[in-house]
Each structure stands twice: as C-alpha cells, then as structure tokens.
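Working notes, beginning with the structure itself.
The values are calculated or read from the model by the stated rules, or taken from the named source; none is laboratory data. Computed from a predicted structure; not experimentally measured. Cβ placement follows ideal geometry from the backbone for every residue including glycine, while neighbour counts extend to all protein chains displayed. Just the protein is used for accessible areas: all its heavy atoms, side chains included, with ligands, DNA and RNA removed. Shrake-Rupley method; radii C 1.70, N 1.55, O 1.52, S 1.80 Å.
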Amino acid sequence: MSTAIKEIKKTRPVKPLDPEKIKQELLAKYPPKVARKRSKQILVNKKDEDGKIPSIGANVRTVPGIITQRGCSYAGCKGVILGPTRDIVNITHGPIGCGFYSWLTRRNQTRPASDQDDNFMTYCFSTDMQDEDIVFGGEKKLKSAIQEAYDAFKPKAISIFSTCPVGLIGDDVHAVAREMKEKLGINIFGFSCEGYRGVSQSAGHHIANNGIFTHVVGKDDTIKDADYKINLLGEYNIGGDGFEIDRILDACGISVVSTFSGNSTYDQFANSHTADLNTVMCHRSINYVADMMELKYGIPWIKINFIGAKSTAKSLRKIAAYFDEPALIKKVEMVIEREMPEVEAVSEDVKKRCEGKVAMLFVGGSRAHHYQELFREIGMKTVSAGYEFAHRDDYEGRAVIPDIKIDADSRNIEELDIEKDPEKYRPRKTPEEMASLANKGVPFKKYDGMMPEMAEGSLIIDDVSQYETELLLKIYKPDIYCAGIKEKYAIQKSGIPMKQLHSYDSGGPYAGFKGAINFYKEIDRMVNSNVWRFLEAPWQSHPELSAKYVWE
Amino acid sequence: MLLRHTNTEIKPRKALTVNPAKTCQPIGAMYAALGIHNCLPHSHGSQGCCAYHRSTLTRHFREPVMAATSSFTEGSSVFGGQANLIQAIDNIFTTYAPDIIAVHTTCLSETIGDDVNQIANKAKKDGKIPKGKHVIHASTPSYVGSHVTGFSNMTKAMVTYFSECTGKPNGKFNIIPGFVEPSDMSEIKRMVKAMGIKPILFPDTSNVLNGPQTGRYKMFPQGGITEAELVSTGDSEGTIALGPLASADAARALDTKWRVPCQVQDLPIGLSATDRFIDALRIVAGVSVPDEITRERGQLLDVITDMHQYFYHKKVALAGDPDHLIPLVEFLVSIDMLPVHIVTGTPGKAFEKRIKELTDHLPCPVNVKVGGDMFLLHQWIKNDPVDLLIANTYGKYMARDDDIPFARFGFPILDRVGHSYFPTVGYMGGIRILEKILDVMMDRMDRDAPEESFELVM
Ligand code: SF4
Ligand code: SF4
C-alpha cells in the first residue's frame, strides 16, 4: 500500500486518544489571549459527580484573523430565514455584493401551486448603492427601487434588507418602508440586519423572525378546516427536506398551516397563528418565535427532529401524543410501520460497510446535533462536534437559558415585548390538560441540547477554526467530516471525504424516512469510495528502480 | 417558468438592479491575492463579506479558498477597526504563518474610513509583523466599480508594495493576465515562453486554484507569483497588460514608478485579439513567432472554416465582464455570428463605444448596456430571440425558460467543471470556445430535428 494512504487513512490511533491533551494541542500555537478565549469554547464532554455537563462558551465574538466558518447577520436574515419565501420581493439595500452572493445559493426548494403563482426566489433585487448614495444617503434610491419593483412585479409584499454601510450612514429603512407601504397599499417592511450586528448569522435569524412576527404573523385569521393543525418552525427545505416531511405528515393526516420558512409563502406566515401546535425543528434559529407565539396566541410548542428515521418516528409520536386522539395515534403508528422496513433494510446493508467508522460534524446551529442520529443508525460514531453559530442552550439544553449572560453583542439584537393578544389569544389546552400531557411525557418547551447525547470524552468545539480543523483531521483521522462549502476542499485535499451539511452537496432530501435512506447511501458512497486508493501514482509508491528493466 | 415575472415590457429603471451582471470589489481582490505565493488574503470588515467571497470562489473553483476577516462588531463599526486588524495580523502570522497578508477593505471599513496603511504601520511598530514578512493592502469599496475593479486594485498593490528597480535589467517581460481562470494564466505563460520570452506573470493563480489531489492539504500551494519575482518587476523590459479594466492600472503604476514601458491589450480571446497579443510580444521583444504558435492559429482558423455554416448569422446574447466581452464579441463577429444583446454590470464608458464599433456593420440592431443586468438582457431576448446565450451560471434560468442553447463563460460558474483546467485564451482556447458553442447548438439541432433529417454526419 502506498505511503500517503497509510499515513492518512490507516493510522487511526489504536489507543483511545486523551481528549484533554488534544484540547491542549489545539490551543498550543495560539497567542495567549486567543488561547484563553478558545479554551472556553473547546471542551471535553464529561459529566461531573452530580451528572452535570460542563458549560461552554458559545455565541461569542469570533477572534479576528482566525479563519472562521461564520457569516453575518444579513446572511442569516435575508439568506436563511427569508430566502425560502417565494412571494415576497426581497430588496437588498446596499452595494451589489451582499445581494449577489445571497442569490439562489442556498438550495431552498420551492413549489408554487401553479405557474401563475408568484415566485421571486430566482430573482436578485438590489439597490446597488454607489459612491454618491453612501455620501448623500440612500433613502431616495431605496424609495425609487421599491416603486420600480412594485411597478414591474406587483408583489403582495416587499421587504428590505440592510447591509453594513446602510446602518453606518444612517438610512432609516423602517421609515422608508412605512412611507412606501402607505403609498402603495401593500405590506412593506424593513430589517436592520447589518452584517456587524451580533456575532454570526444567528443574530440575523432573530432579526428576521422578529420582523416576520411583527409585520406578518396574525394578519389572516381564517381558520383552516383541517385536523391536527401544526406549524413547522425552523425547517428550510434544503434539498427538499420539507417536501419529505410534508409527505409524511400528510400521510398521518397532520396538516401543516405554515412552515418557517421552507417552501413558504407570505399568506402562510400571516395565518400561522391559527395552528394548534408549534413544532420546532432547528431550535437555534427559531425557538423564540415558538415562545412568542405561545405568549401571544396560546400555541404550545414541542421540539421535534425529522433528521434520522428513529427521530422521525419519535417526533410523529410526540405530535400524536399532544393531540391525544386514538385515530391519530393509530394512523401515525401505521405510517411508521409502513415506512420503517425499507429504512431498516437499507441501514442494515449500509451498516456492514460503515459500522465503527468515525464522523466529525461542525456545522450550523442544530445540524451538528441532528445528523449524529443518522450516523448512529448506520453504526458510525461522532467523536467531535460543534456548532458554527449556536448558543449555550443548543449545547447544554434549555435549562441553562436563565444563566446565559447577555453581552454587548446580544444586547443590540432587539427582544420583543410580547403580551397576550386581547382578541386572538386562545389557549389550545386547559392548564390541566397541559399538565396531564406533560405528565404523560409530552415534552413541552424542552430541548436538552447536543452534549447530553454525545459520548463521554468526545470533544465539543464551538466556532471551530480552520487551524483547529486541520489539527483535528491529523489527530483523529476521521472517516468523514461534515461542515460547509468553505471547509470542503481543504478537507478533501487531506484525503478525507467531506459532506456538506448546509447545501448537502446538491443531494438530499435527508429528512424523514426517504431522506434517511438517501443519507445512508450517500455516506456509504463517500466513506467507501474508490478514489482514495489512487492518491499515489505507481512511481510515487515505488520510487526506486531496483534493477534495469528487462524487456520480455 | 423559473423567471416567470420577466416580461417583454421594458420600463426604465434608475434605482433597482434585478439579477446583476457584476459583483463586488473584494472578491476580485481576494482572487488576485490568491495568485501570490504564500499569501493569505484578509478581508477588513464584517465577517459576512469574507464568508460570501470565499464561498463563491470555492464554488467556482472547487478548491480551498482561505482568507481571514477582521470580524467587525457594532463596536468596531463605531470606533474603527484598528484593534481588530492588528489582532488579526498577529493571529494570522502566529497561526498560519504566511509570508504576506494581502488586506482588502469592504464597504463597511471604507465607509468608516479606516486607514489600513496606518494600521499596518502600527502593527509593524508593535512588533506584530515578523521580520521579512509583509502586509500589503488595496482599497476596495464596493460602491465603486465591480469585482473587476477589486482585482485591478489588488494587482496594482502588488506593484506599489513590492516592485523595485536595481538598474540591472532582468531580461524578462511582465505579463498581467487579467481576471481570468488559472488555466488561462498557464496558457498565457506557455504562449509567451514558446515565443522565447521569459515572463513574470502576476497575479498567477495556476497551481493554486486548480491544484492536484494529493491527499495532503497545503494551505499555501505550490503556485502563485513569488515575492522575489514581484520585486523584480521593476527591472523588466516592459509590461503587457491584458484586459484594460483588470490590468492597466498595475501596468501604468510600474511605468510611473520605475519607467517600465507598458502596452495595454485586450484579453487574447479569439482569433484577432490573440493575433494582436502575439504580434505585440513579437515586436516588443524583438523575436520571431515560432511555428508552433502559427500552427495553432491555423488550427483555430481550420475549425472556423470547417464549421462556418453553423455559426453564420446565428444570434447571440451575452452577459459578462467588459474585458472578456470585447474580444469575445469581436471573435463572434469575425466568425459571422450576430451578437445582438450584450450587457455588463461593470461600469466604464469605453465598453459601449468599443462594442458599437465592433458591431456597427452587422445587418441587425444591437442592444448594448453598461451597468445593465440580466433582467434587462432577458427582456431583450424575449423581444428578439437568440440562438445562443453566453453567460455565467446564472444564465441557466433564462436558457431553461426560453429554451436557448447556453454556453457557460465568465464568473462565476457554479454548476460545471473544466474552466479552471482548460483555457479559453489563445488560439487553442479559441478552439475550446468554438467547441463549447458548437456542442450546445448542435445538441439542440439533434434534439429538434425531425427523424428523417436527423443527421449522423454534421
Ligand atoms: S458589504 Fe460590500 S464588500 Fe461586503 S459583500 Fe456587500 S458589497 Fe461586498
Ligand atoms: S457587507 Fe455586511 S451585510 Fe454585507 S455581506 Fe458583508 S458583513 Fe454581511
């Protein structure tokens, strides 16, 4: 076997690694101040005598120069949350780049009901600010841009996204929005999602969700004539995940009023307060919306997870338990029973080739947790994981929320003051019913985070840097590494397959039952690919000519 | 229909850009800086810009694109980013150990008015820049110009920061290749060397952004122009700048700084522009053109003759960058195609004039717009349909909606490979352009032909 392959693939340490030592190794090269800071964000997953997990530094500023995975608030607001909504004209107010880069690059799939329905997702709208707009202010140009967008497209709503310079020169996008709303008679709203707000995309999620909650939710009170009405919060329909989830829910007879925000429309948001249960998929990007909806409209919420076949089954059962009707419970069991055999057949087969292999996941605000489930189902273990932009509660569970310190960066993200809506608040269950359901194990407002589910001794790293990534690859020699596009090729050039868990490398869906099958097969393909056998040319593995070649 | 809201009624727009045909300065600066050996690009601003630029370059090249950011927070945008940049410089040299950090600004740091030079000097005074290492910088506000401008500014910075003149000529020629693919950069080098001329080509992303899979990742790959070569550009015989928008400023800076004479040429795309490039090389270096190059020219000409029936009077719509579009339109005209709708998002008055000169004898009206966007291009196409669309990947939506044969060309290309390995410059690159055009147009003929006239031999 060639030396490079030996070096890279086959020398996975036999002795268990000492994670504390690895942590020290990761920090050794940094300047002392940086090492101190990073040391709070890197920790060994270990419960103390009282069974308590350690606390991690998360949602804190990235060290300048460190080469981070993170993006900005604008990306979280415009790209992640509003990106998948098809019928709002989203105008980026700023110079051209921010709008250009967020144009269609997130793989949110959408399925308008007909060819006549609005779909602006393939379009990029920008005010393309110029020198003079920066000097003299861009409000005039923004107004004209809104007018021109209205004239050309007649959308039902227009929203405005502020990029960094806009905040700095003091353009009041909200005032412009109000003025143009008045003038044009359609809903127009702005977001102060300048990239410097907060410390990552997460701030932008919050700003976006606050905006949608304030300006859209609650505008349409029509109660849909359907059974078991839920909202699916924090599901973005990357690679068609949402379609697969919809298929399953539909088979169970559960009706989705709105999804925040995969395959979504303005009208769905407006009507979302009529649902009877909120289910939260990505806790990080949206748990506060669930809280606000409960406070204002009386909709209880539970955490669910449709990544992983077993988690999918479990989530369906949670929803059924909430509605507590035998017909639904039966139907859900039927669906699970119908779907599982195929899933199990594939996972058993794939397991033969993947069992015991090792994965690492550094991505997002929930995926680094959720996807461990899928790896587990094919016998792979996750030795190290972390989020790109999650908060402490996503690592340690919601119990820590009261202890989270509010720092200067979080303080400038607005928290809405929510009260019961005098007309629209409608408790879905009586307090007694809620208590009884909770007793029966319906986990209201509960999320335990990533760490309790991970093995003792695994390494948890928040906001991992490029440098740490490279060291981790050398030390652990994982069989697969999961992150995003910026990390992808450095990892693959190290001879290790890399799976993108933002864009799925154009694959998917990976949610639900069919998605699980897709994922098992994909990982099988990747970790057992032939390509890694060819890293060296014959003359590299046998460089010396031992004797003169004898022609036959 | 994916672009279902695009209609034929063209209303003038003054404020709203829809589906841009350009992007922002820093991505060009980052790309140029990656063409310096042992150099880490650094984005001085909020971290989102850097994430976006890295992502887009990564998707285009399918290669690692490393760059750091100053990660501005609200505080830095009020008080300026000096502390962030100095800390970044310290961290980068300590952790990643490049020889050079190439800083470009963003809209934010430009609007604040950070003085990167002064900050770098302070970093030096504070001992944060190890001996023999450098921090260079280019100012790249995105509310001016486009990605091409950013490339130009960073390329110029290479001259400003590094070029020296010892008075002893090095016998070489500086070649500034413009905002082209790594494959194009190697092809330009190959042609120049074939002429018996020693080039200093900068920036040079070949072997950086089309690197091999070896199983061993190196943050700083083999390629890239070295610092020593950049220093030596002041001793060169002359400079040939390819693509006026991307390369002329650096060439002129060398002329001003060290009196290195320069010539600004179009990018050598297609027959005539490559002719001019080769001829210019021949004249300035006083060499004769080797048979190898003349043969390649003949081969390109041969393909044109052989396939002329498929080109003749076919209408083409194009979106892209001025430096590419000018020689490309010239090429299409020279093979008797009809480029009828042409937009670039990159500003610059010269473009419309050049295009009009190139197309004014065509037997049909020609639409051209500087500062245009793909929405306008699509509207033009709907009013006056074309046989071929040439654009970056974003063109695929128009191509699908209106069933137009589509050849990908330019930046970014997010859905196909090949561009970073196979050049489109020079005579051989010309053949590749024709191959791409013919492939998509002839696939369409095959698809649409009635069974009785479905041709085996074409
Ligand atoms: S803020 Fe400016 S530099 Fe940053 S992505 Fe936007 S346009 Fe580009
Ligand atoms: S300029 Fe600001 S908003 Fe735009 S990409 Fe950069 S960080 Fe994000």
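Here are some notes:
- B:Arg54 vs. criteria crowded, with 24+ Cβ neighbours inside 10 Å, out of contact with any Gly (no Cβ under 7 Å at 6 or more places or on another chain) and either within 7 Å of another protein chain (Cβ to nearest Cβ) or of a type in the set (Ser, Thr, Tyr) (or both): yes
- Scanning the range A:115-132 for residues that are farther than 20 Å from A:Thr105 by Cα and either within 7 Å of another protein chain (Cβ to nearest Cβ) or open to solvent by less than 10 Å² (accessible area, probe 1.4 Å) (or both) yields A:Asp115, A:Met129, A:Gln130, A:Asp131.
- Selection status of B:Asp114, within 27 Å of A:Phe136 (Cα to Cα) and not assigned by the TED database to the domain that holds B:Glu229: yes
- Of the candidates B:Pro412, B:Pro363, B:Pro423, the single residue that is assigned to a loop (DSSP other than H, G, I, E, B), open to solvent by 10 Å² or more (accessible area, probe 1.4 Å) and in contact (Cβ under 8 Å) with a residue 60 or more places away in the chain is B:Pro423.
- Among residues of the range A:146-169, those that are in a loop (DSSP other than H, G, I, E, B), within 31 Å of the chain's Cα centre (by Cα) and either surrounded by fewer than 17 Cβ atoms within 10 Å (Cβ to Cβ) or more than 12 Å from chain B (Cβ to nearest Cβ) (or both), counted: 1
- In the range A:455-488, the residues that are among the aromatic types (Phe, Trp, Tyr), surrounded by fewer than 24 Cβ atoms within 10 Å (Cβ to Cβ) and within 19 Å of B:Thr58 (Cβ to Cβ): A:Tyr467
- Residue list for the range A:150-179, restricted to those being more than 22 Å from A:Lys219 (Cα to Cα), within 16 Å of ligand 1 (Cβ to nearest atom) and not β-branched (Val, Ile, Thr): A:Ser162, A:Cys164, A:Pro165, A:Gly167, A:Leu168, A:Asp171
- Checking each residue in the range A:76-90 for being over 16 Å from the mean Cα position of the chain (by Cα) and within 14 Å of ligand 2 (Cβ to nearest atom) picks out only A:Asn90.
- The range B:106-166 holds helices (runs of 4 or more DSSP H) entirely within its bounds, and those carrying 2 or more residues that are away from ligand 2 (no atom under 16 Å from the Cβ) map to B:116-125, B:147-162.
- Residue that is farthest from ligand 2 (Cβ to nearest atom), among those in the range A:45-75 that are assigned to a helix (DSSP H, G or I) and of a type in the set (Ser, Thr, Tyr): A:Ser73
Matching residues to (1) of a type in the set (Ser, Thr, Tyr); (2) open to solvent by 10 Å² or more (accessible area, probe 1.4 Å); (3) without any contact (Cβ under 8 Å) to a residue 60 or more places away in the chain:
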| position | (1), (2), (3) |
| --- | --- |
| A:Asp246 | no, yes, yes |
| A:Gly262 | no, no, no |
| A:Tyr266 | yes, yes, no |
| A:Met293 | no, no, no |
| A:Gly298 | no, no, no |
| A:Phe306 | no, no, no |
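- B:Met30 being within 20 Å of B:Gly223 (Cβ to Cβ), within 8 Å of chain A (Cβ to nearest Cβ) and modelled with pLDDT of 95 or more: no
- Scanning the range B:1-17 for residues that are of a type in the set (Ser, Thr, Tyr) and within 7 Å of chain A (Cβ to nearest Cβ) yields one hit, B:Thr17.
- Filtered by the rule that a residue be open to solvent by 20 Å² or more (accessible area, probe 1.4 Å) and either within 16 Å of ligand 1 (Cβ to nearest atom) or hydroxyl-bearing (Ser, Thr, Tyr) (or both), the range A:55-77 gives a lone residue, A:Ser55.
- Looking only at the range B:99-110, and only at residues there that are within 12 Å of another protein chain (Cβ to nearest Cβ) and open to solvent by 10 Å² or more (accessible area, probe 1.4 Å), the one that is farthest from ligand 1 (Cβ to nearest atom): B:Glu110
- Strands (runs of 3 or more DSSP E) fully within the range A:183-262 counting 1 or more residues that are among the aromatic types (Phe, Trp, Tyr): A:187-191, A:255-261
For (1) among the β-branched types (Val, Ile, Thr); (2) in contact with a Cys (Cβ under 9 Å, 6 or more places away or on another chain); (3) surrounded by 24 or more Cβ atoms within 10 Å (Cβ to Cβ); (4) on the phi > 0 side of the Ramachandran plot, each residue gets a yes or a no:
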site	(1), (2), (3), (4)
B:Lys14	no, no, no, no
B:Asn19	no, yes, yes, yes
B:Ile36	yes, no, yes, no
B:Leu40	no, no, yes, no
B:Arg59	no, no, no, no
B:Ser71	no, yes, yes, yes
B:Asn84	no, no, yes, no
B:Ala97	no, no, no, yes
B:Ile112	yes, no, no, no
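- Residue in the range B:254-272 that is surrounded by 15 or more Cβ atoms within 10 Å (Cβ to Cβ), of a type in the set (Phe, Trp, Tyr) and within 30 Å of B:Met337 (Cα to Cα) present: no
- Qualifying residue in the range B:128-143 (condition: of a type outside the set (A, V, I, L, M, F, W, C), touching a Leu at 6+ places or on another chain (Cβ under 6 Å) and not assigned by the TED database to the domain that holds B:Gly372): no
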